[in-house]
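Chemist: Quick one: this structure, given as structure tokens, is what I'll be asking you about.
The values are calculated or read from the model by the stated rules, or taken from the named source; none is laboratory data. Everything numeric here is computed off the predicted structure, so don't read it as measured data. Cβ sites come from the backbone with ideal geometry, for glycine too, and all protein chains shown count toward neighbours. Ligands, DNA and RNA are excluded from the accessible area calculation, which covers all protein heavy atoms including side chains. Shrake-Rupley method; radii C 1.70, N 1.55, O 1.52, S 1.80 Å.
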Amino acid sequence: MEIYNTLTRRKETFQPRDPGRVGIYVCGPTTYNYVHLGNARPLVFFDTVRRYFDYKGYEVVYVQNFTDVDDKIINRAREQGEDPLAFSHMYINEYFKDADSLNVRRADQHPKVSEHIPDIIGTVEALIKNGFAYEVDGDVYFAVRKFEPYGRLSGRTFDDMQAGARVDVDTRKQDPMDFALWKAAKPGEPSWDSPWGPGRPGWHIECSVMSQKYLGTNFDIHGGGSDLIFPHHENEIAQAEAATGEPFVRYWLHNGFITVNDEKMSKSLGNFFLVRDILSKFSPEVVRFFLLSTHYRSPLDFADENLVSAGKGLERIKTSIRLLTEALERKGEVSTARSVSGWAADLTASLENLKAAFDSAMDDDFNTALAMGVIFDLAREVNSAVQKAGNEVSGPDREALRRAYDLFQNFNGVMGLFKVEPQSGRILLDSDAGDGSSLAEGLINLIIEIRQEARKKKDWAVADRIRDGLKELGVVLEDTPQGVRWKKQ
């Protein structure tokens, strides 16, 4: 497995700190608003990375934080007349709703800043003791120039950083580039007691502290969006290594931006889109498919037509899974033949090649775009096999179809496109999951039964009215030799 390491600017063979075990830390959201699509890309991508390590048999420890103490949170809470911590935790709950919709699995740990104040204070004390930080009037700053490797992650020199820095003029600092580790309390803000008086942590210190608390020093993978490379991740490295004297992270992974008309999506530009608003028009499966359809380090351009196109592509995969499921569920049509048919032998051979191709794509810096292509290849192979199989399938031939379904399950376990039934692992498609509503599914099936009765009576007008009416509501019926199949449009 090779991973592109932002720190070295090249692909490197992945070698975990501990054989067979992977520690991953991903920067989570600052919880003062709902999740937007730009936030969703790292959430979905690093969830897929975690799933792939599971697929490869690693023991994975996955940590994703919440920034629940921050200037943005305090300002928004003040505008709303809310307590900042309560305001932040409300949006943490809303985050989980959106993450669950996108089939993002919960992390093993979701640490919050407010719950790790003693750990943060201890690290700040260590930085002062080691000569890398200083206190001024209750504020504590990191002395950037005392950490000689500063800038190696972003590739910036001190002169570059100072020339391009947007920093407040603060004559108390030893250097304009120095950044806050601890901020003295201001009226109306949340604060905690410390050796320097009441205050709260700066932004960067939290991830240095919480990642090492749960994963130790020199852990395997630290991830986030490209916008975090500087200053956030650069500062994390400086803080962690200056405090411990140990290497901080082995591999740094950063996903590319989402753009709108080739311009970076951001709150400041006003061109960001909330996930829940997008989900009012497109299914979670389509959104997740869209986010994984491009290599994670490349920019991804958002547009409704791109999501529509993603939906059409995903529907081809769904159709293949439906056809395969129906072939496996047919009863009373199993032949007594003991030999394997030619199509079944070809399918079995193809499955081995497809698995190898999928693994190769993901082993090459988590190339989800190429891996999706392999899933489409599997769909084509399955469609051809099911067509050749017809209605009469022998036991050995059925085993080939079963292996194909198992491979769909394995690939889906990595990509997380579809939710699964917990007990059986069965892939849940629209007609199975019913978007969480058994009532909606039951009503659609009842309407289909009424239409079938009308067709038996040759009442074509009623049958057609039902079909057309359902289509207007976004439910498409397909009449097949095996019965009526329905799907969302």
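Chemist: I want to make sure I understand the PRE zone here: with the label point 7 angstrom from the Cα of Asp346 toward its beta carbon, which residues in the stretch 374-417 have backbone N atoms less than 14 Å away?
Modeler: The answer is 380-390, whose backbone nitrogens lie closer than 14 Å to the label point.
Chemist: Given an 8 Å cut-off on Cα distances and at least 6 residues of separation, report the relative contact order of the chain as a percent.
Modeler: On the way: 700 pairs, mean separation 74.9, N = 489.
Once divided by the residue count of the chain, the mean separation gives 15 percent.
Chemist: To the nearest 10 degrees, how steeply does helix 205-215 sit against the main Cα axis of the chain, on a 0 to 90 scale?
Modeler: Approximately 60 degrees, to the nearest ten.
Chemist: Where only protein heavy atoms count, and the probe is 1.4 Å, what is the accessible area per residue for the chain in Å²?
Modeler: 46
Chemist: If you don't mind, there's one more thing I want to ask. If one computes the Cα centroid of the stretch 159-233 and of the stretch 60-104, what distance in Å separates the two points?
Modeler: About 19 Å separates the Cα centre of the stretch 159-233 from the one of the stretch 60-104.
Chemist: Let me know the shape class of the chain, please: from the alpha-carbon gyration tensor, a ≥ b ≥ c as square roots of the eigenvalues, rounded when a/c is under 1.5, otherwise prolate if a/b is greater than b/c, or oblate. Please list the in-between numbers first.
Modeler: On the way: a/c = 2.84, a/b = 1.94, b/c = 1.47.
Verdict is prolate for the chain.
Chemist: Extension gain Ala461-Glu399, at 0.36 nm per residue separation less the Cα-Cα distance, in nm?
Modeler: Length gained, Ala461 through Glu399: 18.0 nm.
Chemist: Here's something else I'd like to know. Using DSSP loop states and a limit of at most 14 other Cβ atoms within 10 Å to flag GluC sites (Glu not before Pro), what is the longest stretch of the chain containing no flagged site? Each step should come with its number before you reach the end.
Modeler: On the way: sites that count: Glu82, Glu333, Glu392.
Answer from the scan: 83-332.
Chemist: Skipping prolines and chain starts, which residues have an amide H placed within reach, meaning under 5 Å, of the one on Glu12, given they are 5 or more residues away or on another chain?
Modeler: Ile3, Tyr4, Asn5
Chemist: I'd like the carbon and sulfur percentage of the solvent accessible area for the stretch 200-248, probe radius 1.4 Å, heavy atoms only, ligands and nucleic acids excluded.
Modeler: 50
Chemist: Quick check: pseudo-label points 7 Å beyond the Cα along Cα→Cβ at Asp71 and Asp100, how many nm apart are they?
Modeler: Between Asp71 and Asp100, the label points sit 3.5 nm apart.
Chemist: Figure the gain on full extension for Ser309 and Glu329 (residue separation times 0.36 nm, minus the Cα-Cα span) and round it to one decimal in nm. It would help to have the intermediate numbers written out before the result.
Modeler: Values: separation 20, 0.36 × 20 = 7.20 nm, distance 3.06 nm.
Extra length from Ser309 to Glu329 when fully extended: 4.1 nm.
Chemist: Find the percent of Cα-Cα distances in the stretch 53-125 that exceed 17 Å, and round it to a whole number. Please report the intermediate quantities before stating the final value.
Modeler: Working: 1524 of 2628 pairs.
It works out to 58 percent of all Cα pairs.
Chemist: Can you pull the percent of the stretch 1-117's accessible area that's carbon plus sulfur, 1.4 Å probe, other chains left in place? Please list the in-between numbers first.
Modeler: On the way: 1910 of 4580 Å².
Of all accessible area on the stretch 1-117, carbon and sulfur atoms account for 42 percent.
Chemist: Please list, in order along the stretch 54-62, the HN-Hα scalar couplings obtained from phi with the Karplus expression 6.51 cos²θ - 1.76 cosθ + 1.60 (θ = phi - 60°), rounded to whole Hz, x for Gly and Pro.
Modeler: 3J(HN,Hα) across the stretch 54-62, in whole Hz: 4, 4, 7, x, 7, 7, 10, 10, 10.
Chemist: Helix 117-129 versus the longest principal axis of the chain: what is the Cα-based angle in degrees, 0 to 90, to the nearest 10?
Modeler: It works out to around 50 degrees.
Chemist: Would you be so kind as to identify which of Met362, Val475, Ile447 lies farthest towards the positive end of the dipole of the chain, taking Lys and Arg as +1 and Asp and Glu as -1 on Cβ and the Cα centre as origin?
Modeler: Of Met362, Val475, Ile447, it is Ile447.
Chemist: Suppose each label sits 7 Å from its Cα in the direction of the beta carbon; what would the Glu82-Leu428 distance come out to in nanometres?
Modeler: 2.9
Chemist: Still on this structure, I have one more. Apply 1/(1 + (r/R0)^6) to the Cβ-Cβ distance of Glu449 and Asp18, taking R0 = 60 Å, and write down the FRET efficiency to the nearest 0.05. Present the calculation step by step, with values, prior to reporting the outcome.
Modeler: Values: r = 57 Å, r/R0 = 0.95.
E between Glu449 and Asp18, to the nearest 0.05, is 0.60.
Chemist: If you stretched the chain out fully between Glu263 and Arg10, how much longer would it get, using 0.36 nm times the residue separation minus the C-alpha to C-alpha distance? Please list the in-between numbers first.
Modeler: On the way: separation 253, 0.36 × 253 = 91.08 nm, distance 2.62 nm.
Length difference between fully extended and current span is 88.5 nm.
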